[in-house]
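The values are calculated or read from the model by the stated rules, or taken from the named source; none is laboratory data. Note that the structure is predicted; figures quoted are calculated from it, not measured. Positions of Cβ are generated from backbone atoms using ideal geometry, with glycine treated the same way; all protein chains shown enter the neighbour counts.
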Amino acid sequence: MSEEKGKQLFEQKIENEVKIEARDWMPDAYRKTLIRQISQHAHSEIVGMLPEGNWITRAPNLRRKLILVAKAQDEAGHGLYLYSAAETLGITRDEMFEQLHTGKAKYSSIFNYPTLTWADIGTIGWLVDGAAIMNQVMLCRTSYGPYARAMVKICKEESFHQRQGYESLLVLSKGTDAQKAMLQDAVDRWWWPSIMMFGPSDAESTNSEKSIEWKIKRQTNDELRQRFVDATVEQAEILGVTLPDPDLKWNEERGHYDFGEIDWEEFWNVVKGNGPCNKERLAARNKAWDEGAWVREAAMAHAEKKAKRKAA
Ligand code: FAQ
């Protein structure tokens, strides 16, 4: 097929909401931005297990421990679907891991904050998974087929993650004064980083224009951030916590909550590798990769032996 014909078909498909598939012609920049976004998303799921892993051995009871183990396993699974979706675009998994391990690839800023108390785990479920879902529901309608299909499954699991977090916080909210204080402290620390997850403001977002045009992103960073704030305020009221933003107020005219200015200096600092836990997270991933070398070698040797036996 000529490049001209391929381009025409691509544009028609985008226009008519027909998914682009792995073997279809696509502009190089579309392929490149998808590899960037999907691989960063995959890395976020994998690195995102680390702050939670910190609490698996210290969960307050067996039920909470089982839920947390299952949640972390789901996140590993999300990472794997997403790496597979990115591979369909022509990058290998080893290349993606290399980009993560050398610090070349980004992953969500949120996972560079520490989990200091048990309330942080429920707060991650409520706010971090809540923000992730707000962003990811639109990705179920993204224009690239393998990414959209992966996102449908991921979103179902993420909504369970959000609910288990909120339920665990509801229990703390009815607990002792110390438990209530622990809950408020966690919310104070996670609120701003959670609303930073949506990325820079639309004016500063370098990729949004093209991604919206190609229907990779269906809503902008600021639109999603606003929806998240609007949905979360009432949930905070039910929990009896205050959100740490004195400028948070209902704006009758806009029909939305106004909120204070995000500390963009903090955001970019974390994105550039200088957040509270960036170095620790990368060191943990590199250690896991190095220590897993023998497993990868053994699996390859076994696969080769099986293939030889089959051929013989
Ligand atoms: N952190 O031009 P834009 C989860 C970068 S999964 C770090 O607006 P774009 C599950 C951005 O990459 C959470 N970097 O970029 C879970 C770009 O740099 P580049 C992850 C960020 O792509 C829950 C530059 O800034 N979700 O939570 C961030 O159009 C609990 C300019 O930004 C996804 O990845 C950030 N927050 O929009 C697991 C969803 N924001 O690449 C465990 C898919 C922006 O040009 C526990 N991704 N940057 O060098 C997306 O929807 C988009 O990529 C955005 C950013 C919305 C994140």
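Yes or no: G199 assigned to a loop (DSSP other than H, G, I, E, B) and either touching a residue at least 60 places away in the same chain (Cβ under 8 Å) or over 29 Å from E87 (Cα atoms) (or both)? Even if it seems obvious, please write down each step before you answer.
Working: assigned to a loop (DSSP other than H, G, I, E, B): yes; either touching a residue at least 60 places away in the same chain (Cβ under 8 Å) or over 29 Å from E87 (Cα atoms) (or both): no.
Considered against the rule, which asks whether it is assigned to a loop (DSSP other than H, G, I, E, B) and either touching a residue at least 60 places away in the same chain (Cβ under 8 Å) or over 29 Å from E87 (Cα atoms) (or both), G199 comes out as no.
List the residue pairs whose Cβ atoms are under 8 Å apart, where the first residue sits in the stretch 122-151 and is over 30 Å from S173 (Cα atoms) and β-branched (V, I, T), the second is outside any helix (DSSP H, G or I) and more than 9 Å from the ligand (Cβ to nearest atom), and the two are 6 or more positions apart or on different chains.
Within 8 Å, the pairs are T142/K215; T142/R218.
Here is a yes/no grid of residues against (1) surrounded by 16 or more Cβ atoms within 10 Å (Cβ to Cβ); (2) modelled with pLDDT under 95; (3) within 13 Å of the ligand (Cβ to nearest atom):
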| site | (1), (2), (3) |
| --- | --- |
| K217 | yes, no, yes |
| T220 | yes, no, yes |
| T232 | yes, no, no |
| V241 | yes, no, no |
| P246 | no, no, no |
| G260 | no, no, no |
| W264 | no, no, yes |
| G275 | yes, no, yes |
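Please determine whether any residue of the stretch 112-127 is more than 10 Å from the ligand (Cβ to nearest atom), of a type in the set (G, A, S) and either more than 26 Å from E223 (Cβ to Cβ) or not in a loop (DSSP other than H, G, I, E, B) (or both).
Taking every residue of the stretch 112-127 in turn, at least one turns out to be more than 10 Å from the ligand (Cβ to nearest atom), of a type in the set (G, A, S) and either more than 26 Å from E223 (Cβ to Cβ) or not in a loop (DSSP other than H, G, I, E, B) (or both).
List the residue pairs whose Cβ atoms are under 7 Å apart, where the first residue sits in the stretch 261-284 and is touching a residue at least 60 places away in the same chain (Cβ under 8 Å), the second is among the small types (G, A, S) and within 14 Å of the ligand (Cβ to nearest atom), and the two are 6 or more positions apart or on different chains.
These pairs meet every condition: F267/S109; V270/S109; V271/S109; G273/G103; G275/S109; L282/G103.
I'm checking my understanding of the structure. Among residues of the stretch 202-212 that are assigned to a helix (DSSP H, G or I) and touching a helix residue (DSSP H, G or I) at 6+ places or on another chain (Cβ under 8 Å), which one is farthest from the ligand (Cβ to nearest atom)?
As a first pass, look at the stretch 202-212 and keep what is assigned to a helix (DSSP H, G or I): 208-212.
Next, from what is left, pick out any that are touching a helix residue (DSSP H, G or I) at 6+ places or on another chain (Cβ under 8 Å): 208, 210-211.
Working: S208: 5, K210: 9, S211: 5 Å.
Going through the qualifying residues, I end up with K210.
Restricting attention to the stretch 233-252, which residues are of a type outside the set (S, T, N, Q) and part of a loop (DSSP other than H, G, I, E, B)? Working first, answer last.
Of the residues in the stretch 233-252, the ones of a type outside the set (S, T, N, Q) are 233-234, 236-241, 243-250, 252.
Listed by number, the residues that qualify are G240, V241, L243, P244, D245, P246, D247, L248, E252.
Yes or no, residue by residue, for (1) buried (at least 17 other Cβ atoms within 10 Å of the Cβ); (2) of a type outside the set (D, E, K, R); (3) away from the ligand (no atom under 12 Å from the Cβ):
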site: A132; (1), (2), (3): yes, yes, no
site: N135; (1), (2), (3): yes, yes, no
site: R149; (1), (2), (3): no, no, yes
site: I154; (1), (2), (3): yes, yes, no
site: S159; (1), (2), (3): no, yes, no
site: Q164; (1), (2), (3): yes, yes, no
site: L169; (1), (2), (3): yes, yes, yes
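Does L100 meet the test of being in contact with a His (Cβ under 9 Å, 6 or more places away or on another chain), in a helix (DSSP H, G or I) and in contact (Cβ under 8 Å) with a residue 40 or more places away in the chain? Even if it seems obvious, please write down each step before you answer.
Working: in contact with a His (Cβ under 9 Å, 6 or more places away or on another chain): yes; in a helix (DSSP H, G or I): yes; in contact (Cβ under 8 Å) with a residue 40 or more places away in the chain: yes.
Yes; evaluated as a whole, the condition is true for this residue.
If a residue must be closer than 24 Å to K272 by Cα and either of a type in the set (K, R) or not in a helix (DSSP H, G or I) (or both), how many such residues does the stretch 71-97 contain?
Of the residues in that region, 2 qualify.
I'm told I38 meets every condition in (1) assigned to a loop (DSSP other than H, G, I, E, B); (2) closer than 30 Å to Q12 by Cα; (3) of a type in the set (A, V, I, L, M, F, W, C); (4) within 11 Å of the ligand (Cβ to nearest atom) except one. Can you identify the failing condition by its number?
Failed condition: (1).
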